[in-house]
Structure formats: structure tokens, C-alpha cells
Amino acid sequence: LELELFSPPSQILTFTDSSKWPERGCRPGAPQPRVVMRFGGLQKNSFSDYPGGISCVVFLAGCNFHCPYCHNPDLARGLAGGAVAAETVRQYLETRRGLIDGVVITGGEPTLQEGLADFCTGIQSMGYPIKLDTNGSRPACLEGLITKRVVNFIAMDIKTDPAAYCALSPRKDISDRV
């Protein structure tokens, strides 16, 4: 696995070794020569985010909603103050085998990250099940993750009444997509 790390505000991971990370992106069969992940932070222990167990939480930067009540507004805007290097996440997970029960991937909105499926595959190869927190705005991406079996749990955060989603996103069709 070859990692290329870039500097803040967010740490960016580029996967370049396709033999270690099988398929690119969320869309089935989506060919991409480089995949970029924007890491916003790592919470090393959580007793409430993973169903029935202890987890760590990986925060990915960026979101496609602009919720006025967001509890991570800087992370959602891509300004990750607690940015963590991708290699730090990998090393941490290597040292916690048998000590944590799963990995939670959240954001921002993780499905915006083109390398999400590959990242999940890498985590699963270490023996960890994955819970994904999402706003549900990218159903095709979620379908791809489910089809590839790279997530074990999905938690969808319902933001508002379906008819009111257009106030949270610049996309006019967002209510139909969620």
C-alpha cells in the first residue's frame, strides 16, 4: 500500500496501489487513476457510536448539506481542525486489534469521498466491521457500498421532513434523492 499524504487543513490520502485496494470509488466499476480521502479527525474510543461495542470513530471532511444545527460545522465545510494523517489511522487500527469491536466512519458526509469503498475494504482486511454514518443523499454510493459488502451497518441521519430538504442543499432534487 503506497500512501501519499498532503498537508492541512485536511489530511489527504491517495491510494495508488490497486493490488491492495481493489476497486475505486463508490460506484461499481468506476475507474479512477487516483483516489483522494480527506480525513478530519480520529476519536480513539467511543462507547456509544457502534452498536453493542467499543469503537473508534474516523471523521471525513466535507458535507453536501448546510444544516444550521450542524454539530461539526467546520468539519462539514472541510476545515478539519483536528486533522489526522491517514497513516496514523492505519497504525492505530493495527495496534487495537482485539481491543475495539468496530470502526465508525462519519463526517461531514463520508459518501462524498471517492476512496470510501477502498478505505472500508482496507479496514475490513484488518478484521474490523464498519458502521457508516450518512445523511443518505447519495443512494447510488450507498448501494455500491452495500453491494460490495464493505459496510456492516449504516446509520442514516434524518435531518428534517423530506419536503424541507431543499433548504439544506443547493440541489433542487435533494428531496427526491433522500
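The values are calculated or read from the model by the stated rules, or taken from the named source; none is laboratory data. Quick caveat, the model's predicted, so the values are computed rather than measured. Ligands, DNA and RNA are excluded from the accessible area calculation, which covers all protein heavy atoms including side chains. Shrake-Rupley method; radii C 1.70, N 1.55, O 1.52, S 1.80 Å.
A few comments on the model shown:
- Under Karplus coefficients 6.51, -1.76 and 1.60, residue-wise ³J(HN,Hα) of the stretch 87-97 in Hz, glycine/proline x: 5, 5, 4, 4, 5, 4, 5, 4, 7, 9, 4
- Gyration tensor over the Cα atoms of the stretch 47-122: the corresponding equivalent ellipsoid has semi-axes (square roots of 5 times the eigenvalues, largest first) of 23, 15, 12 Å.
- Descending Cα extents along the principal axes, the stretch 96-146, whole Å: 34, 17, 15
- Note on exposure: K44, K148, K131 ranked by accessible area (1.4 Å probe, complete protein assembly) read K44, K148, K131, with the most exposed listed first.
- For the stretch 68-172: accessible area per residue (Å², 1.4 Å): 48
- According to the calculation over all Cα-Cα pairs in the stretch 70-173, the P(r) per 5 Å bin from zero is 2, 11, 20, 22, 19, 15, 6, 3, 1, 0 %.
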